[in-house]
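**Student:** Before I ask anything, let me first share the structure, which is written out below as C-alpha cells.
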Amino acid sequence: MVQIKNPDNPQLVSALARGLAVLSCFTARQQELSGKELADLTGLPKPTLFRLLDTLCELGMLRYSSRVSKYVPGVALLNLAAPVLARMTIRQLARPLMQDLADYVNGQVQVLVGYRAGLSFVEIAQGAESKLYRPEVGLPVSISRTASGRAYLCFSEEPECAAYLDALKQSDPERHAWLQDRLLDARKDLAQLGFCRGHGDLYREVSTISVPMLPARDGEFWIFSVSVPVFSEHSQHFHDDIGPRLISLVRSVEASLGSLV
C-alpha cells in the first residue's frame with residue numbers, strides 16, 4: 001500500500017493520499033477486492049472508503065464487477081501508465097539488444113527502475129525457447145532478495161538506502177542482519193566482476209546476475225538483469241561469458257543515452 005514519506009507535511013492533500021492508498025491495495029495477486037477487504041487493508045472508516053470508491057469508479061480508475069461482487073482495477077489506470085512508459089527511452093534503446101541476449105542464453109533479460117523504496121520491471125525480453133516465468137511490466141521486485149534489488153541499494157543515494165535499511169531493521173531485524181552480509185557480497189561482486197549475483201535467494205531454480213546503469217537519471221536508478229534456469233549450461237558461464245555480455249549491453253545503452261543529451 002502507498003506509504004506517505006512525510007505524513008505531517010501540511011502541503012499534502014490527505015484525500016488524494018487516501019484515494020491512492022485504496023488503488024495501491026490492488027496488485028497482480030489481489031486483482032479483485034471487496035469493500036470489507038479494502039476497509040481492512042486501508043483502515044479507513046467505511047463512509048470515507050465508499051465515497052472514495054464511488055469517486056474512483058466514476059473516474060474509471062476502479063469498477064464494481066457484479067460477476068464477482070468485488071471492485072476491480074479500471075482501464076483508466078492502464079491509460080495513466082502509458083505516458084510513464086513512453087518517456088522511458090531506455091526501454092526503446094535497450095529492447096533489441098536485450099532480445100539478442102535473451103535468445104543467446106535461452107533465458108530472460110530484464111530492465112528495472114528503482115525510486116526511493118520501490119523497484120519495478122519496465123521491460124522484459126524472453127528468449128525464444130525460454131521456459132522462465134515472464135513477469136508483467138510494472139510488477140514490484142524484492143529489494144532484499146534479488147540481485148537487482150541489492151545492486152539498486154549499492155548505487156542508490158545514501159539517505160534512501162539508509163531509510164530502507166532502517167525500516168527493515170525495525171520490521172525484521174533478522175532479515176536486516178542477513179541483508180548486511182549479502183550487501184557485502186554484492187559490493188565485492190560489483191567491484192571485482194562488474195555484476196551482482198542473485199544467489200538463488202528468491203527462486204532457487206533460477207540463476208540471475210544484475211548490472212546497474214550509471215549514473216541515475218532524474219533520480220531513478222536503472223538495473224539490467226539476466227536470468228537463466230540453474231540447470232542451463234549458461235548458468236555455469238556468468239563469469240566468462242554472460243556477465244561480460246550484459247555489461248557490454250549496459251555500456252552500449254549508456255553510450256546511446258549520452259548521444260541523445
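**Student:** Output the Cα-based Rg and Dmax of region 14-80 in Å, rounding Rg to one decimal and Dmax to a whole number.
**Tutor:** Considering region 14-80 through its Cα atoms, Rg and Dmax are 10.8, 32 Å.
**Student:** Expected output is a single nm value to one decimal: the length gained when fully extending between residue 117 and residue 100, i.e. 0.36 nm times separation in residues minus the C-alpha distance. What is it?
**Tutor:** Details: separation 17, 0.36 × 17 = 6.12 nm, distance 3.10 nm.
That pair, residue 117 and residue 100, stretches by 3.0 nm at full extension.
**Student:** As an exercise, use a Förster radius of 22 Å and the Cβ-Cβ distance of residue 136 and residue 87 to find the FRET efficiency, rounded to the nearest 0.05. Before the final figure, lay out the partial values.
**Tutor:** On the way: r = 19 Å, r/R0 = 0.87.
In this case the efficiency is close to 0.70.
**Student:** Residues in region 150-166 near a label at residue 12, defined as backbone nitrogen under 18 Å from the 7 Å Cα→Cβ point?
**Tutor:** Once the point is set 7 Å along Cα→Cβ of residue 12, 160, 163-164 turn out to lie under 18 Å by backbone N, inside region 150-166.
**Student:** With no solvent and one equal point scatterer per Cα, compute the Debye intensity ratio I(q)/I(0) for region 200-249 at 0.14, 0.23, 0.30 Å⁻¹ and report its log10, rounded to two decimals.
**Tutor:** With no solvent term, the Cα-only Debye profile gives -0.41, -0.84, -1.11.
**Student:** Given +1 on the Cβ of Lys and Arg, -1 on the Cβ of Asp and Glu, and no further charges, what dipole in debye does the chain carry about its Cα centre, rounded to the nearest 20?
**Tutor:** Numbers: 27 positive and 28 negative charges, 128 e Å.
So the magnitude is around 620 debye.
**Student:** Right, something else. Does the chain come out rounded, prolate or oblate by the C-alpha gyration tensor, with a ≥ b ≥ c the root eigenvalues, rounded set by a/c under 1.5 and, if not, prolate when a/b is larger than b/c and oblate if not?
**Tutor:** On the way: a/c = 1.87, a/b = 1.62, b/c = 1.15.
In terms of gyration-tensor shape, prolate.
**Student:** Compute the helix-to-body angle for 75-86: its Cα long axis versus the longest principal axis of the chain, expressed 0 to 90° and rounded to tens.
**Tutor:** 30
**Student:** Tell me whether region 166-261 comes out rounded, prolate or oblate; compute the Cα gyration tensor, take square roots of the eigenvalues as a ≥ b ≥ c, and use a/c under 1.5 as the rounded threshold.
**Tutor:** On the way: a/c = 2.30, a/b = 1.20, b/c = 1.93.
Since a/c reaches 1.5 but b/c is at least a/b, the shape of region 166-261 is classed as oblate.
**Student:** Run the dipole for region 85-166 about the Cα centre, Lys and Arg Cβ at +1, Asp and Glu Cβ at -1, nothing else charged, and hand back the magnitude in debye, nearest 20.
**Tutor:** Numbers: 8 positive and 9 negative charges, 37 e Å.
It comes to approximately 180 debye.
**Student:** Counting other Cβ atoms within 10 Å, keep those with at most 15, restrict to DSSP loop, and tell me which GluC sites (Glu not before Pro) in region 162-261 are left.
**Tutor:** Here the GluC sites (Glu not before Pro) that fit, given the DSSP loop and packing criteria, are 205.
**Student:** Next question. In nm, give the distance between the simple-model label positions of residue 67 and residue 257, each being 7 Å from the Cα along the Cα-to-Cβ direction.
**Tutor:** Each label point is offset 7 Å from its Cα along the Cβ direction, giving 4.0 nm.
**Student:** Going by how many other Cβ atoms sit within 10 Å of their own, how do 87, 175, 150 line up, fewest first?
**Tutor:** Details: 87 10, 175 13, 150 27.
By the 10 Å Cβ count, ascending: 87, 175, 150.
**Student:** Could you let me know the centre-to-centre spacing of region 193-261 and region 125-190, using Cα atoms, in angstrom?
**Tutor:** 13
**Student:** Projected onto the charge dipole of the chain (+1 at Lys/Arg Cβ, -1 at Asp/Glu Cβ, origin at the Cα centre), which of 183, 53, 244 gives the Cα projection farthest towards the positive end?
**Tutor:** So the residue furthest toward the plus end is 53.
**Student:** Okay, next question. Work out, step by step, the length gained on full extension between residue 34 and residue 76: first 0.36 nm times the residue separation, then minus their alpha carbon distance; give nm to one decimal. Working shown, then result.
**Tutor:** Numbers: separation 42, 0.36 × 42 = 15.12 nm, distance 1.96 nm.
Separation in residues times 0.36 nm, less the Cα-Cα distance, equals 13.2 nm.
**Student:** Sticking with this structure for a sec: Please compute the contact order of the chain in relative form: average sequence separation of alpha-carbon pairs under 8 Å and at least six residues apart, divided by the residue count, as a percent.
**Tutor:** 14
**Student:** Which is the longest run of the chain containing none of the chymotrypsin sites (Phe, Trp or Tyr not before Pro) found in DSSP loop states (not H, G, I, E, B) with at most 15 other C-beta atoms within 10 Å? If you can, show how the numbers build up before the last one.
**Tutor:** On the way: sites that count: 133, 231.
The longest such stretch corresponds to 1-132.
**Student:** Ok, one more. If R₀ is 45 angstrom, what is the calculated FRET efficiency for the pair residue 48 and residue 129, using the beta carbon separation as r and rounding to 0.05? Please list the in-between numbers first.
**Tutor:** Details: r = 52 Å, r/R0 = 1.15.
Calculated transfer efficiency: 0.30.
**Student:** What shape does region 49-174 take by its C-alpha gyration tensor, where a ≥ b ≥ c are the square roots of the eigenvalues and a/c under 1.5 counts as rounded, a/b above b/c as prolate, and the rest as oblate?
**Tutor:** Values: a/c = 1.98, a/b = 1.22, b/c = 1.62.
Because a/c hits 1.5 or more and a/b fails to exceed b/c, region 49-174 counts as oblate.
**Student:** Using modelled amide H (1.01 Å from N, peptide plane; none on Pro or chain starts), what sits under 5 Å from the amide H of residue 123, excluding residues fewer than 5 places away?
**Tutor:** HN-HN under 5 Å from residue 123: 111.
Read-outs throughout are calculated quantities, based only on the coordinates presented, and are distinct from any laboratory measurement. Predicted model, so just to flag it, every value in this text is computed and none were measured. Don't worry about glycine lacking a Cβ; one is built from the backbone with ideal geometry, like all the others, and counts go over all protein chains shown.
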